[in-house]
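A quick write-up on the structure given underneath.
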Amino acid sequence: MILIDSHCHIDGEQFDEDRDQVVRRAREAGVVAMLNIGTGDPHSDDFRRAVAVAEKYENVYASVGVHPHDAKLYDDAAEEHLIELAKSEKVIAWGEIGLDYYYGHSPRDVQRDVFRRQIRTAKELNLPIIIHSRDADDETVEILTEECSYEGFRGIMHCFGGTAAMAEDLMKIGFMISFAGNVTFKKAENLRDAARVVPLDRLLIETDCPFLTPVPFRGKRNEPSFVVHTAQFLAELYSIDVESLAAATTANFL
């Protein structure tokens, strides 16, 4: 079984004590690649750290892009810094970018402006985009519909938390839909309803570790090897064997 964790955060301090072991356990579990998502202050070393982790491990890749929480920090200097980091051959995407109206760490108008700006930067760099959206379904779909109609567009809606209708709208644009460990939670029937409308050729899986640890390890620190449990759960939901789901989601990511 060959799997890819399409969204993880193993550069964080939660993994400083055992990062080598985490990467080894993932490999032993069949996770052939991990996409480590850079986040943090774009004027600091946060993103450089994320890229450095990808450059250290053969099967780890990275993305750069300012999370909506930090949109208020995005300016010309931040953009130049991230573009420079994106020159690394291990940087294969731009994100996570988007809208988060749940916490409101950055003003909504700033989030929207920075979201559009980063989509356009990713287009110029010919990089896929990775989207974060929370409590902003309609505006996320509106902006993506307006901005992502260009030829060769590629994108991932990470840790999908919207409705089945939102998933369908995003797939019309060309998005892959990625599910994390929270799809296994007992009360997450809304996520399972959304997953049921996503065909196998549009599906991705992720951990979003160290967060959203899937059942049966919920409550513990999440790590890339645990993506196996999300794959097994979704395979049962799709009524297929887990090897077929693993092969499909790996092909989709590639």
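Would you please name the residue that is surrounded by the fewest Cβ atoms within 10 Å (Cβ to Cβ), looking only at residues in segment 17-28 that are more than 20 Å from the chain's Cα centre (by Cα) and in contact (Cβ under 8 Å) with a residue 60 or more places away in the chain? Reasoning before the result, please.
Pass one, segment 17-28, residues more than 20 Å from the chain's Cα centre (by Cα): 17-18, 20-21, 24-25, 28.
Still in the running and in contact (Cβ under 8 Å) with a residue 60 or more places away in the chain: 25, 28.
On the way: R25: 15, E28: 9.
So the residue we want is E28.
Per-residue answers, yes or no, for (1) under 22 Å from K220 (Cα atoms); (2) modelled with pLDDT of 95 or more; (3) open to solvent by less than 50 Å² (accessible area, probe 1.4 Å):
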position	(1), (2), (3)
H9	yes, yes, yes
V31	yes, yes, yes
A62	no, yes, yes
H81	no, yes, yes
K87	no, yes, no
The correct count of residues that are assigned to a helix (DSSP H, G or I), open to solvent by 20 Å² or more (accessible area, probe 1.4 Å) and in contact with a helix residue (DSSP H, G or I) (Cβ under 8 Å, 6 or more places away or on another chain) in segment 44-60 is 1
Are any residues in segment 1-16 in contact (Cβ under 8 Å) with a residue 12 or more places away in the chain, out of contact with any helix residue (DSSP H, G or I) (no Cβ under 6 Å at 6 or more places or on another chain) and in a helix (DSSP H, G or I), and if so, which ones?
Q14
Determine the pairs where a residue that is more than 19 Å from S244 (Cα to Cα) and modelled with pLDDT under 95, located within segment 187-205, has a partner that is surrounded by fewer than 20 Cβ atoms within 10 Å (Cβ to Cβ) and hydrophobic (A, V, I, L, M, F, W, C) with Cβ atoms under 9 Å apart, the partner being 6 or more residues away or on another chain.
none
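The values are calculated or read from the model by the stated rules, or taken from the named source; none is laboratory data. Just so it is clear, the structure is predicted and the values come from calculations on it, not from any experiment. Here Cβ is always computed from backbone atoms with ideal geometry, including for glycine, and neighbour counts include all displayed protein chains. Side chains included, ligands, DNA and RNA excluded: accessible areas come from the protein's heavy atoms. Shrake-Rupley method; radii C 1.70, N 1.55, O 1.52, S 1.80 Å.
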